[in-house]
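The block underneath contains the structure these notes are about, expressed in structure tokens.
Where a number appears in this text, it was derived from the coordinates with a stated rule and is not lab data. Remember, predicted model here, so these are calculated numbers, not experimental data. Here the Cβ positions follow ideal geometry from the backbone for every residue, glycine too, while neighbour counts run over all protein chains shown.
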Amino acid sequence: MHIVVLTPVLDDWVSVREVLARLDAAFAGRGDTLSVLLVDDGSTEALPADFGRGPFDRVQAIDVLTLKKNLGHQRALAVGLCQIADKIPCDAVLIMDGDGEDDPRDAVRLVDRLTELDRKETPPHPIIFAERTRRSETPVFRLGYLGYRILHYVLTGRGIRFGNFSLVPQARLGAVTTEPMLWNHYAASVAGSRLPYTTIPTQRGPRIAGKSRLNFVQLVIHGLSALSCYNEIIGVRLLMMSSFLFGLSLLAVVGIIALKLTTQIPMLGWTSLFVGLLIVFLFQVITLASNFTMQIIGARSLQPFLPRRDYIWYVEGLKRCFSRDA
């Protein structure tokens with residue numbers, strides 16, 4: 001296969017250079033060929049003059065797609081996918097980070113898994129994700145990530161253990177790039193769009209150089225972006241929860257009033273206060289349910305941002321850093 005490697009970059013040129021060398025070595029001796037598309041997501045450090053100079057065995061070309069502004073990792077990834085779908089012929093797209101945490105040897109396993117499944121054709125051309133069985137972050141981060149996974153499952157009914165590291169066959173590239181939620185979160189948009197996918201177990205490695213630029217606020221935004229891909233499912237679940245609470249509160253109010261009117265059971269002074277609070281709670285639930293309903297209806301009627309159509313407005317230019325034909 002000819003595989004395009006897609007990697008968003010923000011000033012991490014040292015790590016990316018090493019990742020490309022490791023990737024080329026991992027595919028050495030195989031029939032597959034690679035070309036690389038690096039999406040420069042508003043880097044403040046200039047691209048090194050000698051960047052992309054080999055020697056390479058399997059890498060045929062390295063291009064840098066420069067964006068007009070910093071869009072964030074997920075949207076830079078979306079722009080890169082659309083650029084490949086429109087202008088770069090290939091058999092598959094390998095999505096991986098450029099900091100070294102995605103092991104190039106696992107990239108080979110992704111390709112082998114896709115080849116194996118395509119032969120079986122059950123279903124044909126699934127997207128292959130690298131599922132994390134072990135993480136390299138701090139215990140505090142892993143605890144927070146566990147809490148996020150629980151919240152994600154409660155709100156969406158679906159678990160998630162994979163991120164961007166994946167292999168997208170060319171046959172699925174059109175569907176991925178015309179999914180509006182791709183602009184918010186790649187992995188969640190694939191899971192939410194019902195495209196066929198599968199996973200292989202992998203371990204996340206350490207960074208090659210530097211420190212992660214993600215802070216707590218950015219991590220929260222990243223998690224909310226993933227949840228936004230399930231806005232309709234979350235809205236319906238919250239609507240059902242609100243309806244349940246409404247019924248429960250109404251039943252409690254009716255029960256207390258019935259006891260007051262039909263029995264001789266003495267009612268304490270706090271009963272009236274309790275009924276009043278329940279009535280206020282009922283109105284709050286009605287308001288929440290109305291909001292969730294209108295949000296679902298409104299989302300259905302709005303014209304969505306379409307990545308494949310609109311990505312071009314964020315592209316500054318394309319530069320070739322390496323070519324075996326040069």
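Per-peptide packing, taken as the mean over residues of other Cβ atoms within 10 Å, places 62-71, 177-186, 254-263, 305-314 in the sequence 177-186, 62-71, 305-314, 254-263 from highest down.
Packing around the peptides 84-93, 243-252, 30-39, taken as the average count of other Cβ atoms within 10 Å per residue, puts them in this order, highest first: 30-39, 84-93, 243-252.
With the simple spin-label model, which puts each label point 7 Å out from Cα in the Cβ direction, the Leu47 to Ser290 separation comes to 5.5 nm.
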